[in-house]
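The values are calculated or read from the model by the stated rules, or taken from the named source; none is laboratory data. Being a predicted model, the structure only gives us computed values, none of them experimental. Positions of Cβ are generated from backbone atoms using ideal geometry, with glycine treated the same way; all protein chains shown enter the neighbour counts.
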Amino acid sequence: MEWKGRRRSKNVEDRRGQRVGGLRGLGGLRGRRGSAVGGLLLSLFTRGSGKTKLLLIGAAVVAMFVFKISPLSIMSFVSGGPGPQRVAQEAPGPNDEMRAFLETIKADNEDVWAKIFQQFGKEYRPAKMVIYSDKTVMPGGVADSRMGPFYMPSNETVYIDPKFFRELTERFGAPGDFAQAYVIAHEIGHHVQNLLGYTDKVHGQHGRVSKKEYNRLSVRLELQADFLAGVFAHHADAQFNFLEEGDIDEAMNCAHAIGDDTLQRESGGRVMPDSFTHGTSEQRSRWFMKGYQGGDLREGDTFSMPYERL
């Protein structure tokens, strides 16, 4: 993937080199039911494999994104204690190649989506991105690197600890700079959903449908974000000519590696479709490719078709 030499986004804050200190009590999952859930999560996290831990972390992110439950509340149970409260500056974040890469791909997303929105008579408002290491403060709690990259709708910010990319390579067998670009584009896809009203569409169902349907709504949301990552790749390559041989395979391999069925199977458990929150490996790969091949924003309405046809 050719990424060097282009504009770098100014909407990126590098918090690496900061430390988080101070403790406070937590709400959100208190009480008898919360304690039971927390104990179960802690037990599974402590004893589980890396893939099992990723599934639990994914559940925390879904709780935050779909059901407006602070991930701090869940992750505090997973880690066994309350979360940090303050951030103290130790040193500025390093101006290294990883920062340059993230700022460049972020700028690519800004340029592509601004142009697409303009075609539909809309104005694109760029998301923010926070690069951090281990933990950082966010609205309502603390971002933890164990959660993986995620988008926070309330402040329109993507949080990412670059160590996740090493996990992609070493633990999940999904190396490559375009696999990393796909992850970023997927999270920016959640921002696009937020701007277009799909996020509120999911939030509006809270308390109105069953847990099974909640999960299905989450799958629809995630597959659409994969589609939007593909749309980005389509238009970014046309605009910047940055794709090289094997890049799309990297994205497809990454999408396959983090499908719900693959993660459940490789964690040693049985595949339970009703518990899916992101979609199968086949679905995630297919929806990314659909966006990449067509590049048409209008073809990605995962909410209007029967669930079985996703």
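Just one of (1) modelled with pLDDT under 95; (2) in a helix (DSSP H, G or I); (3) of a type in the set (S, T, N, Q) fails for Gln239. It is (1). Within region 223-233, none of the residues are more than 16 Å from the chain's Cα centre (by Cα), in contact (Cβ under 8 Å) with a residue 40 or more places away in the chain, surrounded by fewer than 21 Cβ atoms within 10 Å (Cβ to Cβ) and in a helix (DSSP H, G or I). When Asp237 is tested against (1) free of Cβ contacts under 8 Å to residues at least 60 places away in the same chain; (2) touching a Leu at 6+ places or on another chain (Cβ under 8 Å); (3) under 19 Å from Arg220 (Cβ atoms), exactly one condition is not met: (3).
Looking across region 132-161 at every residue that is more than 15 Å from the chain's Cα centre (by Cα) and among the small types (Gly, Ala, Ser), the one that is modelled with the lowest pLDDT is identified as Gly140.
With respect to the conditions (1) assigned to a helix (DSSP H, G or I); (2) among the β-branched types (Val, Ile, Thr); (3) in contact with a Phe, Trp or Tyr (Cβ under 7 Å, 6 or more places away or on another chain), Thr169 falls short on a single one, namely (3).
Phe164 meets all of the listed conditions (1) buried (at least 24 other Cβ atoms within 10 Å of the Cβ); (2) within 13 Å of the chain's Cα centre (by Cα); (3) among the hydrophobic types (A, V, I, L, M, F, W, C); (4) within 22 Å of Asp260 (Cβ to Cβ) but one, namely (1). Selection within region 110-158: residues that are aromatic (Phe, Trp, Tyr) and assigned to a loop (DSSP other than H, G, I, E, B). The member of this set that is nearest to His190 (Cα to Cα) is Tyr124.
Do we have any residue at all in region 97-112 that's within 14 Å of Arg8 (Cα to Cα), acidic (Asp, Glu) and in contact with a Ser or Thr (Cβ under 8 Å, 6 or more places away or on another chain)? So far as region 97-112 goes, yes, one or more of its residues are within 14 Å of Arg8 (Cα to Cα), acidic (Asp, Glu) and in contact with a Ser or Thr (Cβ under 8 Å, 6 or more places away or on another chain). With the condition kept exactly as written, say whether any residue in region 251-261 is surrounded by 15 or more Cβ atoms within 10 Å (Cβ to Cβ), touching a residue at least 24 places away in the same chain (Cβ under 8 Å) and either hydroxyl-bearing (Ser, Thr, Tyr) or touching a strand residue (DSSP E or B) at 6+ places or on another chain (Cβ under 7 Å) (or both). Within region 251-261, not a single residue is surrounded by 15 or more Cβ atoms within 10 Å (Cβ to Cβ), touching a residue at least 24 places away in the same chain (Cβ under 8 Å) and either hydroxyl-bearing (Ser, Thr, Tyr) or touching a strand residue (DSSP E or B) at 6+ places or on another chain (Cβ under 7 Å) (or both).
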